[in-house]
Each structure stands twice: as structure tokens, then as C-alpha cells.
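Reading through the C-alpha cells given below for one structure.
What follows is calculated from the coordinates using simple rules that are stated; it is not laboratory data. Worth saying up front: this structure is predicted, and the values here are computed from it rather than measured. Note that we place each Cβ from the backbone using ideal geometry, even for glycine, and neighbour counts take in every protein chain shown.
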Protein chains: 2
Amino acid sequence: MDMKVKNWSGTIPRPVGLIIRQKDPNNLEMPFDQLDDFITPTELFYIRSHFPTPELDPLSYRLSTGGAVRRELSMSYADIRAMPSRSCIATLECAGNGRVFLAPPVPGAQWELGAVGNAEWTGVPLSFLLEHAGLADDVVEIVLEGADRGAPKEEPKPPGQISYARSIRRARAMEHDVLIAYQMNGQDLPPDHGYPLRAIVPGHYGMASVKWLTNIVAATQPFQGYWQTSDYGYWDDSDGTPVRRPLAEMHLKSQIALPRVYERLQPNRPYTIFGAAWAGDTDVTEIWISLDGGASWVKGDFIDPINRHAWRRWKYDWTTPPRPGRYTLLARATAADGCVQPDGHNPNFGSYVIDHPLPIEVFVTSLEACPGS
Amino acid sequence: MDMKVKNWSGTIPRPVGLIIRQKDPNNLEMPFDQLDDFITPTELFYIRSHFPTPELDPLSYRLSTGGAVRRELSMSYADIRAMPSRSCIATLECAGNGRVFLAPPVPGAQWELGAVGNAEWTGVPLSFLLEHAGLADDVVEIVLEGADRGAPKEEPKPPGQISYARSIRRARAMEHDVLIAYQMNGQDLPPDHGYPLRAIVPGHYGMASVKWLTNIVAATQPFQGYWQTSDYGYWDDSDGTPVRRPLAEMHLKSQIALPRVYERLQPNRPYTIFGAAWAGDTDVTEIWISLDGGASWVKGDFIDPINRHAWRRWKYDWTTPPRPGRYTLLARATAADGCVQPDGHNPNFGSYVIDHPLPIEVFVTSLEACPGS
């Protein structure tokens with residue numbers, strides 16, 4: 001008896017869904033082989049939450065703007081929705097995406113490739129509110145605080161419960177593409193993605209795009225909160241003595257979506273290697289692919305044009321090797337500023353910024369020896 | 001520009017591949033929504049390794065049988081292949097499968113649903129070798145040792161490097177379905193699955209089916225090795241004072257393959273919920289599904305007949321709710337011995353035996369509000 005309930009490879013669309021990396025709170029990644037369109041469908045967009053999703057009532061919701069401002073603001077969701085809006089397409093990547101590739105293993109959600117996505121975000125420029133509030137001259141940073149609260153687990157950690165908060169530099173906060181967003185891909189934000197309002201800081205790792213945004217604070221000193229110093233920080237030793245700095249801009253990175261890890265390929269056949277590449281505040285200009293674990297590199301082609309802060313999908317039309325065996329594929333991007341992805345992970349970044357080419361191991365199997373198919 | 005490189009939902013077969021849970025050594029799981037046939041294709045079968053895959057040459061390979069036996073044996077791979085063989089279909093589940101559902105999180109690979117598979121195994125009954133060697137009367141256990149070696153990381157751990165080893169009780173070892181297997185689904189074992197030889201202990205958690213099998217030792221005392229006591233053990237408090245015992249038989253369990261976590265469903269439509277259920281040394285006789293997080297249960301239908309030690313796929317023809325929202329689906333099996341899956345995880349099993357119904361959260365979304373599709 002071998003009755004099939006469904007055959008997803010036929011005319012029925014394949015199911016979508018996410019991979020659980022942590023539960024309670026949900027930390028879920030996109031199966032990255034599902035990469036297809038330029039825009040990541042909302043239901044495939046990774047979810048990275050520090051605490052349970054707050055349930056916020058849009059009717060009673062208030063967004064406060066305070067600190068070193070001339071005029072404190074308290075706005076309702078309706079107030080924000082009534083303001084002039086803009087949309088931007090931005091790739092968000094969790095700073096820990098790719099962590100499962102680090103050896104030896106490090107603490108934290110063991111993300112593989114799917115803690116990254118590219119969406120269209122719609123909302124009010126943060127600068128609009130800040131101009132309305134009137135920043136004091138000595139403001140250096142804008143702190144963004146969410147309604148999500150809890151007790152951090154990783155040391156060094158503060159006592160008790162705190163709200164998730166991150167800051168961005170004043171100049172960055174005033175750029176017109178930093179949004180207080182209420183829509184994602186043309187629909188209201190889902191609860192897991194920050195409903196009713198979230199920050200979007202294009203070009204920065206996802207931790208800057210604070211979800212469930214409730215407080216905006218103009219600060220005259222660099223913010224020293226938990227997720228700005230202890231977590232989401234790195235050691236900058238460019239001046240000799242290592243100093244702690246907050247993560248900010250995404251590093252140049254590329255990923256292979258197809259083939260996926262341990263995929264079986266037939267020998268001597270055309271196969272289109274497919275992936276995406278992105279950067280922080282620069283543009284991805286070249287993509288190189290290695291079919292032999294890094295011994296040699298060939299140039300791939302971009303599918304998408306340059307669009308600052310959005311990823312570029314790319315492809316390489318490969319002919320699979322005639323010889324069955326195990327092959328390691330890599331992708332490496334080059335940026336407009338001359339950067340290339342590094343050969344390995346920089347330990348100064350701890351469990352973050354996994355921006356080196358990630359090995360995708362595949363098998364070329366002769367048809368006869370392809371078991372179970 | 002929205003050029004598509006490939007459209008996997010069309011006539012091209014979807015790619016297969018595995019989800020990385022740990023790297024170096026590779027611990028990879030099947031995307032469980034890929035469940036389809038009764039037999040898990042070898043390329044989708046989960047890989048759980050404690051140390052790097054040993055590279056063994058079948059020409060120089062020897063399998064030793066020793067300990068309390070009348071005649072020590074040393075056999076080549078060719079010797080084993082020349083013996084009478086048998087095949088059996090057995091479900092293997094990693095004892096830590098489902099670990100990502102435990103809250104708070106526990107150490108170890110954060111398996112979701114895919115560290116389980118059902119394959120056909122072919123080899124020589126272990127009893128054939130043991131009878132040939134002649135067990136001493138006072139033998140109580142058979143220790144199976146693999147060629148994989150390394151230093152365990154979890155406390156309490158022994159000093160230095162050790163070889164992976166597990167024991168099974170004498171009576172179980174003498175049953176005809178315990179194999180020294182050289183084939184999986186009709187093909188030679190792949191390296192990651194134990195090439196050239198592995199044990200298969202149907203009904204036991206996967207840890208008993210020692211890969212890269214090189215030593216068989218007849219023991220007159222219960223084996224007290226690391227993976228028999230410190231790891232893959234549990235606290236048995238049935239007599240009041242907790243005592244440490246090795247894990248052995250798989251517990252009754254069921255899993256939902258479709259829908260998958262965070263899948264979006266259309267309201268008021270037919271949808272076939274699909275999954276599998278298995279047990280150790282009993283048979284799965286009933287499958288119940290909850291569509292409301294456990295408040296009520298409906299009976300599902302089995303697709304596969306009872307086949308001891310193999311899973312049974314099951315289905316339930318559902319009509320999705322008319323009301324959009326978040327729904328939690330559960331499956332719970334009943335066995336011939338009257339057992340039902342427990343409501344929650346028994347902490348005596350530590351980070352193992354996650355045999356309670358695992359919540360699959362899905363969204364029913366109205367067509368208009370289905371973002372990004």
C-alpha cells in the first residue's frame with residue numbers, strides 16, 4: 001500500500017512555512033531554498049523575537065517621543081496612519097544569521113540561511129517626527145524602545161525585566177528612509193513583525209528595526225543599554241586596545257539558495273545555482289561562485305539591478321560535474337566600496353556577523369545509485 | 001524586473017535537502033513537510049553524528065566479535081556480505097527529536113520534527129554472529145562500538161577521546177530483526193549513515209543503531225559507558241529513589257507533517273492534515289487530531305497498515321475554519337498496549353523523549369489579506 005495523500009510536486013502549490021530555531025518566543029527562519037521572487041512573501045519572512053509578542057490594541061496604543069526635544073509628542077496609531085508616508089524596499093538580516101555554520105558552536109539561535117528577507121515597508125519617516133519634536137543641538141543618538149519586555153539570559157545581563165531597546169546615530173535617524181512602519185508588503189504588519197508600528201532602519205542588521213515601537217528618546221549621550229553593549233556588540237581592535245561597539249550596518253554577504261544543503265544532483269546536467277547578496281550602506285557589484293570548495297571561482301550574473309538596501313538575486317548556469325561525489329559550493333560577493341567577503345569569521349564579532357562564504361555541501365549521484373528516488 | 005530563475009512548483013521536481021541543526025559534525029534533519037512515501041528516501045533521512053564521519057576502507061575493514069564468547073571472530077566486509085541476509089523496515093528516531101519544542105530550551109541539537117525516518121535495512125542478523133561466536137551463559141548485554149571517536153562535551157564526561165558505544169540487552173540482541181546492516185533502501189549505506197556496516201535495533205531510539213560498527217562485545221555486566229549512563233540516560237523514579245537508566249525503546253509518538261509550522265491556509269477549504277505515528281515495541285492503533293490546541297479531538301485515519309517497528313502515516317480530512325486567525329494543531333496517538341501520548345514532557349528524561357503532542361501553529365488568512373502571495 002503506497003497511497004499518496006498529496007503530491008506537492010504536481011499542480012498543487014507547495015506549502016510554505018517556517019523552520020523553528022527557538023520556541024517561546026518564536027524564532028523562526030525561512031527555508032532559504034524557497035527564495036524565489038525579489039520580495040520575500042510576508043509568511044516566509046523570518047521572525048526573530050526576544051520576548052513573547054506583545055498584544056497591542058491599536059485604539060489605546062501611543063507612541064511617545066521625548067528626551068532632549070523641544071516638544072514631547074504622544075501620538076496614536078491613527079495619528080501616525082494619517083501622516084504623509086513613504087515606502088522603501090529593504091533587506092533585513094538578523095546579525096546572527098548563519099550562526100549554525102560556526103565551529104565550535106556558539107550560544108544563540110542556530111540560524112542557517114533563512115534569517116534574512118527583503119520586503120517593502122511603508123510608514124512615516126522617523127525624521128518627520130523628530131523634526132516635529134525639535135531635537136536639541138546636543139542630541140547624538142535616537143533610542144528606539146519596543147513594548148516587548150523580559151529578562152535577558154546571556155551574561156553580562158541586567159537585573160530583572162527590561163524593554164527591548166536600541167539606538168541609532170542622529171545623522172542616520174534623520175535620513176528619510178528610516179521609517180516608523182505600519183505596513184509590510186502592502187498589508188498591516190502581522191503581530192510577530194511588530195504590529196502596530198515598528199522601526200525600519202535600512203542597511204542595519206535587523207536588531208535596529210525595533211518592533212512594537214512605543215518610545216522614541218532623543219539622547220545626548222551614547223545609549224548603553226543591554227542590546228547596545230552586552231548583546232549585539234563587538235570588539236573593535238582597530239586602535240590596538242579592543243573597545244566595545246554596537247553592531248550597526250550589515251556586512252557584505254551572499255548566500256546560495258539552490259542547491260540546498262545535501263541536495264542530490266544528477267551528473268553532467270545543467271543546473272542553475274541561485275542565491276542573493278546584500279550589503280549595508282554600499283552596493284553589491286559582483287558575485288563569484290566556487291564549485292570546488294574555494295579552490296577556484298567563476299563569476300555569476302545578477303538578476304536584480306542595484307537598489308540600495310535591497311538584496312540582489314543572482315544566478316550561475318552550471319553544468320554539474322560528470323563524476324559522482326561530494327562537492328562544496330560557495331558564493332562570495334564584491335561591493336562598490338571594494339570590499340569582498342572575508343575568508344572566515346572574525347572572532348571579534350563573537351556569535352554575530354557570519355559574513356564569510358558559507359559552504360553548501362551537495363552530492364552528485366549517478367542516476368542508478370540515487371537511492372530511494 | 002521580476003525574472004524567475006526557476007519555478008519549483010511547476011513541472012520541475014522540487015529540490016530535496018536537509019536542515020542543518022549542528023555543523024562539524026553534521027547533524028541534519030529532514031524537512032518533515034517533505035514526508036510523502038512510506039519509505040523515507042535516503043537523501044532525506046536525518047543524519048545524527050557524534051563525531052566526524054570515519055572514512056573506512058571496505059577492503060581493510062574488520063568487524064570483531066569478542067568478550068565472553070567461546071570463539072572470537074574477526075570478519076571482513078566481504079565475509080559479512082557473503083552471509084545469509086534479511087531485510088526489515090524500521091523507523092529510527094533520534095531520542096532528542098522535537099527538542100526545540102521544550103521550554104525553557106535545553107542543550108543539544110535543536111531538532112524540530114525531522115530527526116526521524118523510516119527505511120528498509122538489509123544485513124546479517126546480529127544473532128547469527130553471536131550464535132557463531134557462542135555466548136557464555138552469564139552474558140547479559142551486547143556492547144556495540146563504532147569507529148567514530150572523539151571527546152564528549154556534555155558533563156559528566158570522561159577524560160580524553162572515546163569511541164561511540166551502546167549496549168542492548170542479550171534477549172533483544174538475539175532477536176532476528178536486530179541487524180548488522182550494509183544496505184539502506186536497497187543501496188549500500190552512505191558514509192553518513194554508517195558505511196560500511198551499522199547496527200539496526202528496530203524499536204529503539206536511534207542511538208542504539210551504532211554506525212560504523214567495528215566491535216561487538218559480549219558483556220557479563222551492564223555496560224556503563226558514557227552514552228549508556230551520562231548521555232542517553234534518564235531518571236527512573238518508579239521505585240521512589242531515582243536511578244539512572246539507559247534509554248532504549250522509542251516511546252509512542254505522532255507528528256504532523258502538513259500543515260507545517262506557520263503555514264497559511266485559506267478559510268473554509270478542504271485540507272488534508274497528514275503525518276506519521278510510531279512506537280517502540282508496540283503498535284500504533286489510533287490517531288487523534290486536535291484543531292483547537294487540545295480542547296477537543298477528532299479521530300484520523302491511517303494510511304499504512306500495522307507493521308511492527310515501522311511508522312504509520314495517517315491523515316485527517318479537515319475543512320479549515322471560516323474565521324481567519326491563529327490555530328494550533330496537535331496529534332496524539334494511542335497504542336495497542338493502551339498507552340496514549342502524555343500531555344507534556346516528563347522532566348525525568350531531561351533533553352530526551354519529547355513524546356507529547358507538539359503544537360503546530362498555523363494561520364487561516366482570508367484570501368484578500370494574504371500578504372505577498
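Here are the numbers for the structure shown:
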read-out	value
Fluctuation leader among B:Ala248, B:Ala136, B:Ala181 - chain B, Gaussian network, Cα springs under 10 angstrom	B:Ala136
Which of A:Gly240, A:Ser87, A:Ser127, positive extreme of dipole for the protein assembly as shown (C-beta unit charges)	A:Ser87
More than 20 Å apart - percent of Cα-Cα pairs taken over the range B:253-364	39 percent
Förster-model FRET efficiency, 60 Å R0, B:Asp317 and B:Lys153, C-beta, rounded to 0.05	0.85
Trypsin sites (Lys or Arg not before Pro) restricted to the range B:36-92 and DSSP loop, no more than 16 other C-beta within 10 Å	B:Arg70, B:Arg71
Low-density loop positions, chymotrypsin sites (Phe, Trp or Tyr not before Pro), the range B:280-373 - DSSP coil, at most 16 other Cβ in 10 Å	B:Trp297
Whole-number percent relative contact order across chain B, with pairs defined as alpha carbons under 8 Å at least 6 apart	15 percent
Cβ neighbours within 10 Å from other chains - mean over B:19-30	5
Value of [θ]222 nm, deg cm²/dmol, for chain B, DSSP H segments ≥ 4, -39500 (n - 2.57) each, nearest 500	-1000 deg cm²/dmol
Orientation-averaged projected area, Cα convex hull of the protein assembly as shown (nm²)	34.3 nm²
Shortest-first distances to equivalent copies, position A:Asn346, nm, label 7 Å out along Cβ	5.1
Computed Rg/Rh of the range B:108-192, alpha carbon atoms with Kirkwood Rh	1.02
Cα-centre dipole for the range B:253-364 with unit charges at Cβ (Lys and Arg positive, Asp and Glu negative), debye to 20	440 debye
All Cα pairs of the range A:172-230, percent lying beyond 16 Å	50 percent
Expected-Rg normalisation [2.2 N^0.38 Å, Cα atoms] applied to chain A	1.05
Too-long pairs where the Cα-Cα distance tops 30 Å, listed order kept, from B:Lys23/B:Lys315; A:Lys157/B:Lys253; A:Lys299/B:Lys153; A:Lys23/A:Lys157; A:Lys23/A:Lys315; A:Lys153/B:Lys23	B:Lys23/B:Lys315; A:Lys157/B:Lys253; A:Lys299/B:Lys153; A:Lys23/A:Lys315
With at most 12 neighbouring Cβ atoms within 10 Å, loop GluC sites (Glu not before Pro) (DSSP) excluded, longest segment of chain A	A:155-367
Per-residue Cβ neighbour rank within 10 angstrom, fewest leading, B:Cys88, A:Cys94, A:Cys339	A:Cys339, B:Cys88, A:Cys94
Highest-MSF residue in chain A out of A:Gly300, A:Gly338, A:Gly206 [GNM, Cα springs under 10 Å]	A:Gly338
The range B:253-364: relative contact order in percent, alpha carbon pairs under 8 Å with at least 6 residues between	35 percent
Using a 7 Å Cα-to-Cβ projection, B:Gly66 label spacings across copies, nm, ascending	7.6
Dipole moment magnitude, nearest 20 debye, the range A:19-246 about Cα centre, only Lys, Arg, Asp, Glu C-beta charged	500 debye
Whole-angstrom gap from the range B:11-73 to the range A:291-320, using each part's C-alpha centre	32 Å
Nearest-first distances (nm) between copies at A:Ala151, label 7 Å from Cα via Cβ	3.4
Point-charge dipole on Cβ atoms (K/R +1, D/E -1) for the range B:135-226, about Cα centre, debye to 20	160 debye
Fewest-first sequence of A:Tyr271, A:Tyr182 by Cβ atoms within 10 Å of each Cβ	A:Tyr271, A:Tyr182
